[in-house]
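Heads up, the thing below is written out as structure tokens.
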Amino acid sequence: MKTLEPEQLNTLKRGAVEIYTEAELAEKLKTAAKTGKQLRIKLGLDPTSPDIHLGHTVVLRKMRQFQDLGHRAVLIIGDYTARIGDPTGQNTTRPMLTAEDIKTNAETYFTQAGKILDTSQDKLEVRYNSEWLADLRLADIIKLASNITVARMLERDTFEIRYKKGDPIGLHEFLYPLMQAYDSVMIKSDVELGGTDQTFNNLAGRELQRVYDEEPQIAITMPILVGLDGKEKMSKSKGNYVGVTDEPAQMFGKIMSISDEMMENYFTLLTDLPPEKIAELTNVKKTHPKESKVLLAKMIIEQFYDKNAAENAAAEFEKVFAQGQLPEDIPEFAFSAEPVPIKKLLSDCNLVSSGGEAKRMINQSAVSVDGDKISDPNEQITPADNMVIRVGKRKFARLRVK
């Protein structure tokens, strides 16, 4: 266990929105440094989708910082709570997932989280909350529910909004924060990490631990990373995300698309650069924004691949976007030399996910065939050998005639 130094506490505070409470955290860290005891740092992940994006890594990186100080990460895969669905940020009731979906997503979550966390046995403990939640009897659940009032539940913003609008709130949704809080009791959590949208759940854990005569956990909330659009939180469903499994070239191109105003936030939450260096990189009088953005993209790619992959992605970006050349590896698709509606062609080449997206991209003048812009969503295209279709800045397809 490393001796607690002031700069270590500053590292743990970096980027955090709230710490409940900072004084308690400092005392826990001080005691751990004296006794050699590992603090148990909890993070719950509900496997509601199979992919982790940079937004998820903000909290995972904070967990890694605790590991680097000698503490133990306890990653809870919410295979049982996922059956309910976290109502956080939801204005409607979430559909319940099947057991098969949960199992598949949980496996990929662990693999992807391992790209950031130290997975050595003494630094990471992985638990599935079905271990204790599946065995609860009705009497146990009623006793658990007696520890929090309906009025307290309705303080939660999403519940309050839906209640005032007269939208339905299922009783099972009230159980979710209780179950997450019970996870803290069962693993004897010292610190729980989460986004700001998890504040209610994490504080519920503190309250329930007091009920069970445990020392209450410290709750540290991290900001929600804004997506590539610069408006809404990063989300796969909104298409404004960078996945940790994205190919390096794709990852590089996406990061280069963020606005200059977003760079300070991304540098702070997604890299370990000191504040003074970030200030220098985001000051246009000292560093050109493109130079800063290239560095940011490289640093992020190196976290999930290596330096060579980052350099190659940067070179490919320069070739395609700055010099206007075509990328080296363009996916090829075979067609017969017969007219095909452009919308179908885009879909068959995996350049769009739906006919609606195809129409939208065409209307935005984001689709070209051999360099010529397509303006009519109903246009017919006759495939030819080596014909190149481009959608936006980063998607290409090369046609081959059967």
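The values are calculated or read from the model by the stated rules, or taken from the named source; none is laboratory data. Just so it is clear, the structure is predicted and the values come from calculations on it, not from any experiment. For neighbour counting, all protein chains shown are included, and Cβ atoms are generated from backbone atoms with ideal geometry for every residue, glycine included. Each accessible area value is taken on the protein alone, full model and side chains, heavy atoms only, with ligands, DNA and RNA left out. Shrake-Rupley method; radii C 1.70, N 1.55, O 1.52, S 1.80 Å.
Kirkwood Rh, Cα Rg: Rg to Rh for segment 95-247?
Details: Rg = 17.4 Å, Rh = 17.9 Å.
Taking Rh as the inverse mean 1/r over Cα pairs, Rg/Rh reads 0.97.
Taking 35 Å as R0, compute the FRET efficiency from the Cβ-Cβ separation of Asp376 and Glu232 and round it to 0.05. Please list the in-between numbers first.
Numbers: r = 31 Å, r/R0 = 0.88.
According to the calculation, E is roughly 0.70.
Quantify, in whole percent, the carbon and sulfur part of the accessible surface of segment 316-357 (1.4 Å probe; protein heavy atoms only). Display every interim value, and only then the final one.
On the way: 1110 of 2360 Å².
Carbon and sulfur: 47 percent of the exposed surface of segment 316-357.
Going by average Cβ density within 10 Å per residue, which order do the peptides 22-31, 181-190, 143-152 take, highest to lowest?
181-190, 22-31, 143-152
How would you rank 296-308, 328-340, highest first, on the average number of other Cβ atoms within 10 Å across their residues? Provide the component values of the computation, followed by the final result.
Numbers: 296-308: 18.2, 328-340: 12.6.
Sorting 296-308, 328-340 by mean packing, highest first, produces 296-308, 328-340.
Indicate, rounded to the nearest 5 percent, the antiparallel portion of the DSSP beta bridges found entirely in the chain. Each step should come with its number before you reach the end.
On the way: 16 of 38 bridges.
Of all bridge pairs located within the chain, approximately 40 percent are antiparallel.
Could you state, as a whole-number percent, how many of the C-alpha pairs of segment 294-343 are farther apart than 13 Å? Each step should come with its number before you reach the end.
Values: 824 of 1225 pairs.
Everything past 13 Å amounts to 67 percent.
How large is the helix-only mean residue ellipticity at 222 nm for the chain, computed as the sum of -39500 (n - 2.57) over DSSP H runs with n ≥ 4, divided by its residue count, in deg cm²/dmol to the nearest 500? Display every interim value, and only then the final one.
Details: 17 runs with 174 residues, N = 402.
After summing the helix terms and dividing by the residues of the chain, the value is -13000 deg cm²/dmol.
State whether segment 269-381 is rounded, prolate or oblate according to the following rule on the C-alpha gyration tensor (a ≥ b ≥ c being the square roots of its eigenvalues): a/c under 1.5 gives rounded; otherwise a/b larger than b/c gives prolate, and the remaining case gives oblate. Before the final figure, lay out the partial values.
On the way: a/c = 2.77, a/b = 2.29, b/c = 1.21.
Verdict is prolate for segment 269-381.
Among Ser184, Leu138, Ile169, which residue has its Cα positioned farthest towards the positive end of the charge dipole of the chain, with +1 placed on the Cβ of Lys and Arg, -1 on the Cβ of Asp and Glu, and the dipole taken about the Cα centre?
Ile169
Checking the a/c ratio against 1.5 first, then a/b against b/c, what shape does the Cα gyration tensor give for segment 111-170? Let's see the in-between values first.
Working: a/c = 3.25, a/b = 1.68, b/c = 1.94.
Verdict is oblate for segment 111-170.
Any of Lys236/Lys395; Lys28/Lys277; Lys34/Lys123; Lys165/Lys233; Lys373/Lys395; Lys123/Lys188 with alpha carbons more than 22 Å apart? Name them for me.
Numbers: Lys236/Lys395 17 Å; Lys28/Lys277 30 Å; Lys34/Lys123 19 Å; Lys165/Lys233 24 Å; Lys373/Lys395 14 Å; Lys123/Lys188 16 Å.
Correct reply: Lys28/Lys277; Lys165/Lys233.
For the chain, what is the accessible area per residue in Å² when the probe is 1.4 Å? Kindly include the intermediate steps, with their values, before the conclusion.
Working: 19790 Å² over 402 residues.
Spelled out: the 1.4 Å probe surface of the chain, per residue, equals 49 Å².
Considering all projection directions equally, how large on average is the shadow of the alpha-carbon convex hull of the chain, in square nanometres? The partial results should precede the final answer.
Values: hull surface 94.2 nm².
Mean orientational projected area (the chain, Cα hull): 23.5 nm².
Report the gain in length on full extension from Glu247 to Lys285: 0.36 nm times residue separation, minus Cα-Cα distance, nm rounded to one decimal. Can you show the working numbers first?
Values: separation 38, 0.36 × 38 = 13.68 nm, distance 3.27 nm.
Answer, rounded to one decimal: 10.4 nm.
Summarise the accessible area of segment 153-281 (1.4 Å probe, protein heavy atoms) by the percent that is carbon and sulfur. Please list the in-between numbers first.
Numbers: 2880 of 5510 Å².
Solvent-exposed carbon and sulfur of segment 153-281 make up 52 percent of the total.
Which FRET efficiency value, to the nearest 0.05, do you get for Tyr163 and Ile142 by plugging their Cβ-Cβ distance into 1/(1 + (r/R0)^6) with R0 = 30 Å?
Numbers: r = 23 Å, r/R0 = 0.75.
Calculated transfer efficiency: 0.85.
About the Cα centre of the chain, how large is the charge dipole given +1 on each Lys and Arg Cβ and -1 on each Asp and Glu Cβ? Please answer in debye to the nearest 20. Please report the intermediate quantities before stating the final value.
Values: 54 positive and 60 negative charges, 71 e Å.
Around 340 debye, computed over the chain.
Based on DSSP H assignment, which helices of the chain show an axial Cα extent of at least 24 Å together with a mean Kyte-Doolittle hydropathy greater than or equal to -1.0? Before the final figure, lay out the partial values.
Values: long enough: 171-187 (25 Å, 0.58).
Span-like helices in the chain: 171-187.
Where does each of 343-353, 159-169 land if you order them by average Cβ count within 10 Å, highest first? The partial results should precede the final answer.
Working: 343-353: 18.5, 159-169: 12.6.
By packing density, highest mean first, the sequence is 343-353, 159-169.
With respect to the cross-link table entries Lys62/Lys293; Lys103/Lys293; Lys62/Lys254, which display a Cα-Cα separation exceeding 32 Å?
Details: Lys62/Lys293 22 Å; Lys103/Lys293 37 Å; Lys62/Lys254 23 Å.
Exceeds cut-off: Lys103/Lys293.
Starting from the Kirkwood Rh over alpha-carbon pairs, what translational D in µm² s⁻¹ does segment 168-277 have by Stokes-Einstein at 25 °C and 0.890 mPa s?
Working: Rh = 16.5 Å.
This corresponds to a translational diffusion coefficient of 148 µm²/s.
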